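Shown next, in structure tokens, is the structure this report addresses.
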């Protein structure tokens, strides 16, 4: 059984993962409206992945006999001024989520909830990957600067993401 404190914290993380999904979908739609369909595709894949993270936590809650709830979510922004601005926000958001996952790991340790601690290790590893991908795109966008040709090449590359 999960403690009520852990149950509440995991349900909050479900909300955070669902918000991440909505944020990335909003970004995808903005990019697609701006005819940057490769960026849009990459972010659609990311949005789907984030919803999968939420469902993974829901399943853990249910497996442990806890109550899973669907939280209310704030609406994400609808537009970004540039690809750089959007991916700067992606990176900042992933760093924030990493902190939230780390807090859950700390709580699991404090609660002596070894099963949840083991479960959360997947998320710890996933966040390393999420941050690395985000940093790579942010740094590439910085190198590209104002080069429209390079932006379209990156757009093409991002459009090849599988998922």
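Values quoted throughout were computed directly from the atomic coordinates according to the rules given, and no laboratory measurement underlies them. In this text the structure is predicted, and so the values were computed from the model without any measurement. So basically every Cβ, Gly included, is an ideal-geometry build from the backbone, and we count neighbours across all protein chains shown.
Full extension from residue 49 to residue 121: what is 0.36 nm times the residue separation minus their Cα-Cα distance, to one decimal in nm?
Details: separation 72, 0.36 × 72 = 25.92 nm, distance 1.69 nm.
Going from the current span to full extension adds 24.2 nm.
Residues of region 74-103 with an amide N closer than 15 Å to a point placed 7 Å from the Cα of residue 142 along the Cα-to-Cβ direction: 84-92.
Which whole-number percentage describes the relative contact order of the chain, with Cα contacts under 8 Å and a sequence gap of 6 or more?
Numbers: 173 pairs, mean separation 52.1, N = 163.
This gives 32 percent for the chain.
For the chain, the longest principal axis of the Cα atoms and the long axis of helix 37-63 meet at an angle of about 0 degrees. Each Cα pair under 8 Å and six or more residues apart adds its separation to the average, and for region 27-101 the resulting relative contact order is 28 percent.
Each of the peptides 28-38, 102-112 was scored by the mean count of other Cβ atoms within 10 Å over its residues; in descending order, highest first, they stand as 28-38, 102-112. Please give the residues of region 66-95, grouped as numeric ranges, whose backbone N is less than 11 Å from a label point set 7 Å along the Cα-to-Cβ vector of residue 22. Flagged as within label range: 71-77.
Using every pair of separate Cα atoms, the Kirkwood estimate puts the hydrodynamic radius of region 1-160 at 16.6 angstrom. For the chain, the longest principal axis of the C-alpha atoms and the axis of helix 148-158 are separated by about 40°. Residue separation of residue 29 and residue 128 scaled by 0.36 nm, minus their Cα-Cα distance, works out to 33.1 nm of gained length.
In deg cm²/dmol, rounded to 500, what helix-only [θ] at 222 nm does the chain give when every DSSP H run of at least 4 residues adds -39500 (n - 2.57) and the total is split over its residues? It would help to have the intermediate numbers written out before the result.
Values: 5 runs with 127 residues, N = 163.
After summing the helix terms and dividing by the residues of the chain, the value is -27500 deg cm²/dmol.
Once you reduce region 135-163 and region 30-66 to the center of their Cα atoms, the two points are 21 Å from each other.
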